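Structure first, then comments.
The values are calculated or read from the model by the stated rules, or taken from the named source; none is laboratory data. Because the structure is predicted, anything quoted here is derived from the model rather than measured. Heads up, the Cβs are rebuilt from the backbone with ideal geometry, glycines too, and the neighbour counts pull from every protein chain shown. Note: accessible area is taken over every heavy atom of the protein model, side chains too, but ligands, DNA and RNA are not part of it. Shrake-Rupley method; radii C 1.70, N 1.55, O 1.52, S 1.80 Å.
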Amino acid sequence: MHRESGSRSLLIKHAAEIVTNTGTAAKKGAGMNQLAKIEDGAILVKEGIIEWVGLTADLPFYNEENTEIIDASGCSVIPGFVDSHTHFVFGGYRPEEFFWRLDGTPYLDILERGGGILNTVKATQSMGYDAMLQIASNRLDAMVAMGVTTVEGKSGYGLDLDTELRQLKVMGELNNRHAVEVVPTFMGAHAVPPEYRGRVDDYVAFITQKVLPAVVEQGIAEFCDAFCEKGVFSVEQTRKILQTASGLGLKTKIHADEIVSFGGAELAAELGAISADHLLQASDKGIAEMAARGVVATVLPMTAFCLREEYARARAMIDSGGAIALATDYNPGSCFSHSIPMLIALAAIQLKLSPAEILTALTLNGAAAVGRADHIGTLERGKQGDILILKYPSHLFLSYHVGMDIIDKVIKKGQVIVDKRMANLEVIDSE
Ligand code: NIG
Ligand code: FE
């Protein structure tokens, strides 16, 4: 799915509803439950940017010859989804581990025995650039088909200089040539490689003194993330890595409190990280500090589901005034899925989030979690034309049509990049 640059404008009109949403920063607390909407709405996109949104009846003059027109009768129109936490660039698969875990072997025990992430590291290290680019591009195609218009991706399956750089360069090339926008995150502190076993501080020194400076010099990452977890990287080691990254100009994220309550949420607040992610075991103190400091809590319920762990306390996070984003965590181990419909189903049924909270968490707040809320995440004048047309008249169907893909068209920067041509069929069907 290649990027096309066209100067044609796009007009969507007669949408049953346009969920415009509003804002250029993450919505917090009760604000997450407020959605701005327009009935019988229209939206005009010129050169990739939204020029006008309003009632179809109020549509201003536009040049018909140079405009692609979509009649969205019977359809809901919403902002493109932002999958703000994935590990989509990897080699190999680990199907057997999925069943070991179901049989009761804990995730961290598999890693401790040299499996888990370290298995994927071996397969990724031996994968060349072209093969990595191709497979990652295919995965992006599948993600876009589910309505994802911006994807964050992490390195961290290299754990050596060359492979970490290769993963990030693949993401950079995909950002330039694939229709979807890719946000690259350096995550060299994803696991401790076998050659540094028992010498974690030496590996941290390697990351901070050698790999991070090379990543920053090449300008191939925007964020730095680390797996702050018992038996992986301690709070002190994570602090050191993220402070170094921040000093070099990268924004920060943390894999925090995923398996045990470990102080990751508190560290994210202390460092002013953009987001802290997972948070299944985040403490009350950590939740309160993140809300107070404006750290986006990125909740990944598909991972909790796959690991058969308790879900993150998303309601408590919102009710304490915090902002949450929802993301897939797509990776070959803890959650081998990029299913947005499944993510939404878990958010509604297990996390008890409202349709408005879910939509905001997957759009504006996801955009904030990747530092892009100023130009994506809502459908307002001046923002990028990243738009989804659903085959039902209300965004409520995202949760209600459980586990189903209801995307009809995906539009990135005003260009239709996926068209399932299902919307009109649904309208006819329901009449
Ligand atoms: O977010 N916990 C660390 N990293 C990933 C899993 C990576 C893997 O198992 O390959 C996660 O769950
Ligand atoms: Fe992750």
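Suppose we filter Tyr392, Tyr400 for residues that are touching a helix residue (DSSP H, G or I) at 6+ places or on another chain (Cβ under 9 Å) and farther than 24 Å from Thr303 by Cα; which single one remains? Steps first, answer last, please.
Values: Tyr400 fails: farther than 24 Å from Thr303 by Cα.
None of the others qualify; the one that does is Tyr392.
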Residue pairs, Cβ under 7 Å, 6 or more apart or interchain, first in the stretch 1-17 and among the β-branched types (Val, Ile, Thr), second modelled with pLDDT of 75 or more and outside any strand (DSSP E or B). List them. Ile12/Ala72
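Can you tell me which residue is most open to solvent (accessible area, probe 1.4 Å) among those in the stretch 51-95 that are away from ligand 1 (no atom under 16 Å from the Cβ), hydrophobic (A, V, I, L, M, F, W, C) and over 22 Å from His375 (Cβ atoms)?
Among those residues, the one meeting the criterion is Phe61.
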What is the residue count in the stretch 178-234 for residues that are open to solvent by 20 Å² or more (accessible area, probe 1.4 Å) and of a type in the set (S, T, N, Q)? 3
Residues within the stretch 124-146 that are open to solvent by 30 Å² or more (accessible area, probe 1.4 Å) and closer than 15 Å to Leu159 by Cβ, tallied: 3
Checking Asp40 against (1) of a type outside the set (Val, Ile, Thr); (2) in a strand (DSSP E or B); (3) touching a residue at least 60 places away in the same chain (Cβ under 8 Å); (4) in contact with a His (Cβ under 7 Å, 6 or more places away or on another chain), the condition it does not meet: (3)
Go through (1) away from ligand 1 (no atom under 13 Å from the Cβ); (2) at positive phi; (3) out of contact with any Lys or Arg (no Cβ under 8 Å at 6 or more places or on another chain) and name the single condition Ala288 misses. (2)
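Of the residues Thr303, Thr298, Thr360, Thr328, only one is within 16 Å of ligand 2 (Cβ to nearest atom), on the phi < 0 side of the Ramachandran plot and part of a helix (DSSP H, G or I); which? Steps first, answer last, please.
Working: Thr298 fails: part of a helix (DSSP H, G or I); Thr360 fails: within 16 Å of ligand 2 (Cβ to nearest atom); Thr328 fails: part of a helix (DSSP H, G or I).
When all the criteria are applied, what remains is Thr303.
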For residues in the stretch 151-171 being crowded, with 24+ Cβ neighbours inside 10 Å and of a type in the set (Ser, Thr, Tyr), which is nearest to ligand 1 (Cβ to nearest atom)? Tyr157
Result of the Cβ filter at 6 Å on the stretch 148-168, keeping first residues that are at pLDDT 95 or above and more than 16 Å from ligand 2 (Cβ to nearest atom) and partners that are open to solvent by 10 Å² or more (accessible area, probe 1.4 Å) and part of a helix (DSSP H, G or I), at least 6 apart or interchain, is Thr163/Gln125; Arg166/Tyr129
Inter-residue pairs, beta-carbon under 9 Å, first assigned by TED's automatic domain parsing to the domain that holds Pro95 and in the stretch 119-136, second open to solvent by less than 30 Å² (accessible area, probe 1.4 Å) and of a type in the set (Asp, Glu), 6+ apart: Asn119/Glu97
Report every pair of residues separated by at least 6 positions or lying on different chains whose Cβ atoms are under 8 Å apart, first residue within the stretch 216-233 and basic (Lys, Arg), second surrounded by fewer than 24 Cβ atoms within 10 Å (Cβ to Cβ) and not in a loop (DSSP other than H, G, I, E, B). Lys230/Leu108
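Yes/no per residue for (1) without any contact (Cβ under 8 Å) to a residue 40 or more places away in the chain; (2) open to solvent by 30 Å² or more (accessible area, probe 1.4 Å); (3) more than 30 Å from Ile110 (Cβ to Cβ):
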{"residue": "Ala327", "(1), (2), (3)": "no, no, no"}
{"residue": "Phe336", "(1), (2), (3)": "no, yes, no"}
{"residue": "Ala347", "(1), (2), (3)": "no, no, no"}
{"residue": "Ala367", "(1), (2), (3)": "no, no, yes"}
{"residue": "Leu390", "(1), (2), (3)": "no, no, yes"}
{"residue": "Leu396", "(1), (2), (3)": "no, yes, yes"}
{"residue": "Val402", "(1), (2), (3)": "no, yes, yes"}
